[in-house]
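Please read the structure below before turning to the comments.
The values are calculated or read from the model by the stated rules, or taken from the named source; none is laboratory data. All figures in this text were calculated on a predicted structure; none of them were measured in a lab. Every residue, glycine as well, gets a Cβ built from its backbone with ideal geometry; the counts of neighbours run over all protein chains shown.
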2 protein chains.
Amino acid sequence: MTHTPLRDTLAEIARGDITATEAFDACAAAIEAREPEIRAFAHLDLDRARDALPGRAGLPLGGLPVALKDIFDSADMPTTYGSPIYAGWRPKTDAAVAARLKALGASLVGKTVTTEFAMAHPGPTRNPRDPARTPGGSSSGSAAAVAAGMAPVGIGTQTAGSVIRPASFCGIVGFKPSFGTLPTAGMKPLAPSFDTVGLFGRAVDDCALLYDLLLGGDGAPIPPAAGRLRIGLVRGANWSEASPEAQAALLGAAETLADAGHAVEEIRPPASFEELDAAHWTIMAREASLATAFEQATAPKRISASFSRLIADGLAVSAALHAAALAQMNAARAEMDGLEAGFDLLLTFSAPGPAPVGLEFTGSPVFNRLWSALGTPCATLPVRTEAPAPIGVQLVGRRYDDASFLARARAVEQALAA
Amino acid sequence: MTHTPLRDTLAEIARGDITATEAFDACAAAIEAREPEIRAFAHLDLDRARDALPGRAGLPLGGLPVALKDIFDSADMPTTYGSPIYAGWRPKTDAAVAARLKALGASLVGKTVTTEFAMAHPGPTRNPRDPARTPGGSSSGSAAAVAAGMAPVGIGTQTAGSVIRPASFCGIVGFKPSFGTLPTAGMKPLAPSFDTVGLFGRAVDDCALLYDLLLGGDGAPIPPAAGRLRIGLVRGANWSEASPEAQAALLGAAETLADAGHAVEEIRPPASFEELDAAHWTIMAREASLATAFEQATAPKRISASFSRLIADGLAVSAALHAAALAQMNAARAEMDGLEAGFDLLLTFSAPGPAPVGLEFTGSPVFNRLWSALGTPCATLPVRTEAPAPIGVQLVGRRYDDASFLARARAVEQALAA
């Protein structure tokens, strides 16, 4: 599928080369064609969005559909957080990102499928690149919608690997910004120490443009990253959990980048990072068990078996263990700041391999937990492989330097596409 | 007013020395006597709580009333966040702390007054120690309710100084735990980088007991802090903003602690901390402006003038400035970890002086922002002074070591009471 950059589509609308209605209808046609099979949406109302289009066409996002994960509150659409407990629930408010998207002129055509409370229990969504496979999760619907051309960009959330993994599985770009930059207000919390709003697009610049607009910027292009990048290749302690295809994709990307003139050097992260996967789990399980106290008290039987296990794990984590894991996380974040001073980017796995076949298991976040714990900006870029389904490689940048990170990610994207 | 420790009241109920109804009614009598003047509650329903008492009497909190700030969602009571935008709003869920309080057998007799969105615009609450004065804010009602004997303990939140300051003004103990330990799920966010659930009580142990129970502990007493404490006295860069009474109270407390055998030494925080007040404001203003996007879009005229100014300030903070302030905050947190290794506690101001006269201004958080930015545990303890209204002193501890902090704060409390 050819990809028209979001920036170009918006420029075409602004110039009148195409109308907002035509641009909207191209997405609507993709939804009508593929949604019955893909099931990216938990709620969908194209007619309502089309009726509202005239008021949005002149705004920065020109009435284009944006896929919004159903973990965010919406005042004018049902909000379920992927849980039967919330069937038919209509919040009073829009989540901050939803309100911002509307102000920017996005068409919120519906809410995209999330796994239950953004954890493991899957929804019905299929992978548009191979409907026999999972799209990944928890941001299953937003990743699938963007991959299927239903929306040029989408919004998800990541607590462990819920943006990077589905983007990798669906063959698109996923971007998890630095922790704490996009507002989480109105998002159902899972583990607030990690919960991060993330973006999907067909290219790095699509995510960069949406990110800038959401943060209140004017959408000006990020200046290109100049010259030779110092790239640290991280095989990491979990190397053996990556499939041969993922290993080949990562080493192939490293080679391509070196061939393009970038300085690629394999690095070993500090040994302390090897304990962060466990710390991440400790923190996430306890915080998820605390955050869902109401559901546990009022509707325990409508919580899935897998989420119930997470709660049980979390309730077994003492306050002291949680605090010790938070201290460990903060120490590692400081260490990461030091490590990254020597590199422009790190390059590592996005996921253990192509998307698993079947819809029951949305895949493992084994290659995402560390970076979620560190709060760094991350992006996954699809690479060309011989694998039967898409594979991405993950870039990791310096915390709070997201604009530079995105510029460098674009340079990598160009080198990989060459 | 004499103070029966929460632990003793619960033991008396458990032993049958008093009934849960008698204990509840003592609080209810204080509410009936003083609420018409004090106005601690935004919503109050004593009859409903009394009807539910039989099911709660045998649980750890024995049906005792707990004051819950109206910044937390409640499924069975109105929730307004101190804003007319939410008049009559009834959420679908209980906030995590509300659900936990119910599971512990607390009686939620109502919702206590919060300033608008936990910022500056005041509610109608008066200071029980001098009704001509503000109780402080933003957790105005919870602090006043505990000070007036309407509930033995209460729940508030602090983003700048919203727990420590009202507790100081009302002559009670306030405790802000380390950032991220108590769950914020179901709390209206103000600035998620700082938003912290905090507690009010008549003594340190009341807060310690409630904290332990909320975190899933068994409520066992914290072992006493052994021996001589190394206490760092912090006059700080804002010394001149403290009133003569507050200066005298702080230096008097330092002297009392030294006389009691503790090692009190004046210390100068790193110069970099002086920039943290500005960084705190930058982060808070931007995050508050992002978090309230829905209210800005749908009901801008029902936002107060002061909150509208905060939003305007926040919208003027760029994403890059916000990120730089977050980086500064994290660097300072690491520096604080080092500084505190040399001390058991820091001792500083809770507030610039006694509560201001009048209800329009809830007081300045000038002595709270730094510690909210650093994410450390803090407590304010009332001290005996000649001032016309209560004054507290603030203790600051090591992040993520809250149990030790509370034990040390109790030792200070004993020394100050001797």
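Scan the stretch B:237-261 for residues that are touching a helix residue (DSSP H, G or I) at 6+ places or on another chain (Cβ under 7 Å) and either over 26 Å from B:A120 (Cα atoms) or outside the structural domain of B:T348 (by TED's automatic domain parsing) (or both) and the total you get is 4. Condition check: part of a helix (DSSP H, G or I) and surrounded by fewer than 15 Cβ atoms within 10 Å (Cβ to Cβ). Does B:S272 satisfy that? The answer is yes for B:S272.
Taking the stretch A:83-109 as the range and being more than 10 Å from every other protein chain (Cβ to nearest Cβ), farther than 30 Å from B:R286 by Cβ and either crowded, with 24+ Cβ neighbours inside 10 Å or touching a helix residue (DSSP H, G or I) at 6+ places or on another chain (Cβ under 6 Å) (or both) as the test, the residues that pass are A:S83, A:P84.
The lone criterion from (1) touching a residue at least 24 places away in the same chain (Cβ under 8 Å); (2) more than 25 Å from B:E116 (Cα to Cα); (3) not charged (D, E, K, R) left unmet by B:F72 is number (2). Residues in the stretch B:306-336 that are within 25 Å of B:I85 (Cβ to Cβ) and free of Cβ contacts under 8 Å to residues at least 40 places away in the same chain: B:S308, B:R309, B:I311, B:A312, B:D313, B:G314, B:L315, B:A316, B:V317. In the stretch A:333-361, the qualifying residues are those that are of a type in the set (A, V, I, L, M) and at pLDDT below 95, and the one that is farthest from B:Q328 (Cα to Cα) is A:L339. Filtering the stretch A:176-201 down to residues that are part of a loop (DSSP other than H, G, I, E, B) and aromatic (F, W, Y), which residue is farthest from the other protein chains (Cβ to nearest Cβ)? Here the residue is A:F194. For B:M284, the criteria (1) part of a loop (DSSP other than H, G, I, E, B); (2) surrounded by 19 or more Cβ atoms within 10 Å (Cβ to Cβ); (3) modelled with pLDDT of 95 or more hold in every case but one, which is (1). A:G62 falls short on exactly one of the conditions (1) without any contact (Cβ under 8 Å) to a residue 60 or more places away in the chain; (2) within 14 Å of another protein chain (Cβ to nearest Cβ); (3) on the phi > 0 side of the Ramachandran plot, and that condition is (2). All conditions in (1) under 24 Å from A:V97 (Cβ atoms); (2) more than 10 Å from chain A (Cβ to nearest Cβ) hold for B:A325, with the sole exception of (2). Being buried (at least 24 other Cβ atoms within 10 Å of the Cβ) and either without any contact (Cβ under 8 Å) to a residue 24 or more places away in the chain or at positive phi (or both), is that true of even one residue in the stretch B:213-227? So far as the stretch B:213-227 goes, no, none of its residues is buried (at least 24 other Cβ atoms within 10 Å of the Cβ) and either without any contact (Cβ under 8 Å) to a residue 24 or more places away in the chain or at positive phi (or both). Restricting A:E245, A:E266 to those that are more than 30 Å from B:P192 (Cα to Cα), charged (D, E, K, R), surrounded by fewer than 21 Cβ atoms within 10 Å (Cβ to Cβ) and in contact (Cβ under 8 Å) with a residue 60 or more places away in the chain reduces the list to A:E245.
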